[in-house]
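In what follows, a structure is listed as structure tokens, so that the remarks can point back to it.
The values are calculated or read from the model by the stated rules, or taken from the named source; none is laboratory data. Owing to the predicted nature of the structure, the values given are computational and were not obtained by experimental measurement. Reconstructed Cβ throughout: ideal geometry from the backbone, glycine too, with neighbour counts over all protein chains shown. Remember, those area values only see protein heavy atoms, side chains included, never the ligands or the DNA or RNA. Shrake-Rupley method; radii C 1.70, N 1.55, O 1.52, S 1.80 Å.
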Amino acid sequence: MKRVELKEVRKSYDRRTDVLSGIDVTIEPGEFFVLVGPSGCGKSTILRIIAGLENVTGGELRIGGKRANHLLPSQRDLSMVFQNYVLYPHLTVQENITFGLHVKRLSKAEQKQRCLETAEILGLTDYLKRKPKEISRGHRQRVALARAIVTHAPICLMDEPLSNLEAKLRTKIRSEIRGIQQKLGMTMIYVTNDQTEAMTVADRLMILNSGEVQQIGKPLHIYNYPVNTFVASFIGARPMNLIEAEVNGSSLIVDEWTVPMSDMIDLIGKRKRVMIGVRPENIRAARQDEPGFDVTVANVEVQGTETLITFHMGSSDQWIARLAGQWNLEVGKSLSIYIEDQHLCFFDTSSSQRIISHAEKLANFRGDLSGEYTAYRNKVEGLEQAVGRVNV
Amino acid sequence: MYSLMKAGFLYLVPSFMLFTVFLFYKTVRTAYLSKYITDMQGTLATFVDIENFTYLFTSPAFLTSAKATVLFVLYTVPIGVILALCLALFANSKLRENRFFRKLFSSTIGMSVVASSVIWMFMYNPTIEVINYFLIAIGYSEIQWLLDPSTALIAVSIGSIWMNIGFCFFILLGGLQNIDSQLYESASIAGVSGAYKLRKIIIPMLLPTLFFVITVSFINAFQAFGQIEILTKDGPIESMTTFVDSIYKDTFINYNIGSESAILFFCIFIVTIAQFKFVARKLYY
């Protein structure tokens with residue numbers, strides 16, 4: 001299994017504006033790495049650069065420790081699944097799966113053997129003799145996956161592979177892909193614009209916006225500690241509720257809502273204004289003994305296990321609260337809500353960056369150190385192996 | 001239900017009328033004429049049943065014109081289509097300079113047959129000698145292209161290929177650009193060779209377009225008249241008289257509508273059978 005490293009990778013089509021500006025990331029061997037972002041953010045471009053379908057304008061791409069900037073796609077030892085399957089319409093499923101295997105110097109018998117194995121994993125055994133147009137979309141997508149798996153390439157790239165499927169099938173194939181990746185231990189680089197997909201399959205994910213890396217990390221870490229308002233509103237089935245507040249002495253004021261500041265006063269420092277963020281699930285109905293804040297219900301979606309309540313906050317912003325259980329509220333009635341201090345996030349109004357406490361900074365620093373330590377150890381191990389090989 | 005059927009037929013009337021006037025009547029009339037001998041005014045004289053056909057297949061003039069036509073088609077169609085395909089493959093890559101080549105290669109579409117024939121006449125002309133000049137330069141002796149029976153057909157074929165290539169190129173390039181570029185990308189990740197790509201992806205995906213181009217080229221070759229008439233003026237003896245040529249002469253010079261109709265009917269018959277045979281085969285996946 002191979003590591004993929006991008007160092008200061010830049011891409012520009014017209015030599016003036018950068019589509020990608022300085023992408024820096026190391027994708028570990030055997031990792032399920034997801035690139036996620038809104039359309040046009042450059043995630044597919046990164047994938048195509050790794051595949052060798054696009055040139056790098058600046059920076060360095062390393063695959064398996066070797067510089068790969070100018071390697072041909074076929075020399076990079078990877079496989080790729082495209083968004084719209086890209087099956088050859090005139091070939092049968094079997095011919096599609098084995099397409100190009102002869103390049104890897106596999107005999108006809110070996111090709112067939114591998115094809116059957118792969119078809120078995122993906123449940124395609126009964127369809128091998130059919131043409132792509134004679135099978136369903138879900139199966140076509142499976143054929144595309146089979147083509148990637150059958151090569152036994154250590155790195156697999158997927159470009160929004162599930163976006164043409166309906167929701168149920170998407171969930172099913174998503175977990176299948178995850179299962180296969182774990183079973184075969186390949187390094188997976190997966191592009192999607194669906195944050196749910198990103199959260200559920202990824203070991204780590206990278207969030208991009210207009211060609212710039214916003215945040216890289218484990219899904220839950222990103223969910224809990226978004227670095228800026230973009231990540232906060234992009235990640236999560238419902239975006240984080242955001243509103244600008246005025247700092248007034250020792251309290252924050254949003255129209256009629258006043259939040260007394262206790263230990264967060266250090267955090268906010270000398271700022272005059274600050275952006276407050278709250279996840280929908282952290283808003284709850286106030287108990288009798290709690291100082292709740294009254295809001296007017298604008299919309300109610302009862303979803304069985306939970307209820308989504310939309311209400312107006314300030315003059316224009318709409319907030320969503322996600323209450324556990326079923327709430328039969330009427331639109332226009334008022335509801336008293338309560339948010340615990342620990343669930344409030346603060347963002348700088350000018351830079352949109354999250355204001356981070358010293359304790360968190362320290363924890364992040366430790367995390368970075370341990371990451372560097374791992375990288376260092378990997379390097380040492382690699383050297384040891386190389387030396388061992390030389391000695392033998 | 002009945003009124004619905006009536007309305008349905010009513011909708012068919014306009015197209016049925018058009019077909020009748022411009023197609024059915026002519027076909028039936030051609031078949032009818034092919035069974036008669038005409039007099040010098042071109043009016044029908046005697047019913048001869050299939051005699052026109054038996055006359056045709058025993059007439060040496062018809063057989064030479066049949067041979068000339070078939071040879072002309074064989075010289076021009078395969079070479080023309082293959083050359084056009086090569087040019088289209090060359091001009092299909094994403095290089096910016098290719099815009100120039102695309103215009104260049106497709107420029108012959110706009111040329112009239114007469115104008116291009118005149119150009120080729122100068123090329124072959126024994127006194128101007130553009131082609132012979134090059135032949136002599138590389139050490140061959142000069143050839144009387146359009147006068148020698150053994151080279152006249154080839155000379156005309158070369159000119160015809162040049163005239164048709166722009167159209168074939170244009171259509172094939174369109175077909176190539178319709179192929180999803182991700183198919184190539186997928187193949188380049190697999191690392192297959194260019195020849196393999198051509199054989200396994202491009203040709204199969206291009207088959208419908210190729211079929212169209214080949215059909216149209218066949219029709220053009222069978223109908224070729226202007227360039228042959230202009231370049232050879234009937235050429236050396238009768239080696240250059242093709243079907244269309246002989247139809248023209250029989251009708252407007254000899255006023256022999258009956259045997260001309262027989263040729264025409266024969267041609268339509270052959271083409272129709274060929275079409276049924278090919279179209280019935282599944283070319284579209």
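Numbers at a glance
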{"item": "Residue in segment B:269-284 that is at pLDDT below 70 and within 16 Å of the chain's Cα centre (by Cα) present", "result": "yes"}
{"item": "Residue check, residue B:219 at pLDDT 90 or above and open to solvent by 40 Å² or more (accessible area, probe 1.4 Å)", "result": "no"}
{"item": "Filtered residue count, segment A:289-345, keeping only those that are modelled with pLDDT of 85 or more and at positive phi", "result": "3"}
{"item": "Residue list for segment A:237-264, filter: open to solvent by less than 70 Å² (accessible area, probe 1.4 Å) and among the β-branched types (Val, Ile, Thr)", "result": "A:243, A:247, A:253, A:254, A:259"}
{"item": "Any helices (runs of 4 or more DSSP H) falling wholly within segment A:186-274 and containing at least 2 residues that are in contact (Cβ under 8 Å) with a residue 60 or more places away in the chain", "result": "A:195-201, A:229-234, A:265-268"}
{"item": "Any hit, segment A:139-153, residues being under 18 Å from residue A:88 (Cβ atoms), in the same structural domain as residue A:196 (by TED's automatic domain parsing) and outside any helix (DSSP H, G or I)", "result": "yes"}
{"item": "Every residue from segment A:151-181 that is free of Cβ contacts under 8 Å to residues at least 40 places away in the same chain and open to solvent by 30 Å² or more (accessible area, probe 1.4 Å)", "result": "A:152, A:166, A:167, A:168, A:169, A:170, A:171, A:172, A:174, A:175, A:179"}
{"item": "Residue match in segment A:104-118 (condition: out of contact with any Cys (no Cβ under 9 Å at 6 or more places or on another chain) and facing chain B (nearest Cβ under 10 Å))", "result": "yes"}
{"item": "Residue within segment A:282-289 that is of a type in the set (Lys, Arg), part of a loop (DSSP other than H, G, I, E, B) and open to solvent by 90 Å² or more (accessible area, probe 1.4 Å) present", "result": "yes"}
{"item": "Pairs, first farther than 23 Å from residue A:3 by Cβ in segment A:14-38, second polar (S, T, N, Q) and crowded, with 20+ Cβ neighbours inside 10 Å, C-beta under 9 Å, six or more apart", "result": "A:19/A:45"}
{"item": "Residue in segment A:357-373 that is of a type in the set (S, T, N, Q), over 30 Å from residue A:265 (Cβ atoms) and not in a strand (DSSP E or B) present", "result": "yes"}
{"item": "Filter pass, residue B:24 being of a type in the set (Phe, Trp, Tyr) and either closer than 17 Å to residue B:247 by Cα or open to solvent by less than 100 Å² (accessible area, probe 1.4 Å) (or both)", "result": "yes"}
{"item": "Elements of type helices (runs of 4 or more DSSP H) in segment B:117-202, at least 1 residues being within 23 Å of residue A:80 (Cα to Cα) and either away from every other protein chain (no Cβ under 14 Å) or open to solvent by 60 Å² or more (accessible area, probe 1.4 Å) (or both)", "result": "B:149-177, B:194-197"}
{"item": "Residue match in segment A:49-58 (condition: modelled with pLDDT of 90 or more and at positive phi)", "result": "yes"}
{"item": "Scope segment A:120-137; condition within 19 Å of residue A:90 (Cα to Cα) and either within 14 Å of another protein chain (Cβ to nearest Cβ) or under 30 Å from the mean Cα position of the chain (by Cα) (or both); matching residues", "result": "A:124, A:130, A:131, A:132, A:133, A:134, A:135, A:136, A:137"}
{"item": "Residue within segment A:308-326 that is in contact with a strand residue (DSSP E or B) (Cβ under 6 Å, 6 or more places away or on another chain), open to solvent by 80 Å² or more (accessible area, probe 1.4 Å), outside any strand (DSSP E or B) and not basic (Lys, Arg) present", "result": "yes"}
{"item": "Close pairs (7 angstrom Cβ cut-off, 6 or more residues apart or separate chains): closer than 16 Å to residue B:182 by Cα and within 12 Å of chain B (Cβ to nearest Cβ) in segment A:39-58, surrounded by 20 or more Cβ atoms within 10 Å (Cβ to Cβ) and of a type in the set (Ser, Thr, Tyr) anywhere", "result": "A:54/A:45"}
{"item": "Test: residue in segment A:359-376 that is modelled with pLDDT of 80 or more, exposed (fewer than 10 other Cβ atoms within 10 Å of the Cβ) and out of contact with any Phe, Trp or Tyr (no Cβ under 8 Å at 6 or more places or on another chain)", "result": "no"}
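Condition check ((1) aromatic (Phe, Trp, Tyr); (2) open to solvent by less than 70 Å² (accessible area, probe 1.4 Å)) across all residues:
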| position | (1), (2) |
| --- | --- |
| A:67 | no, no |
| A:88 | yes, yes |
| A:91 | no, yes |
| A:123 | no, yes |
| A:139 | no, yes |
| A:144 | no, yes |
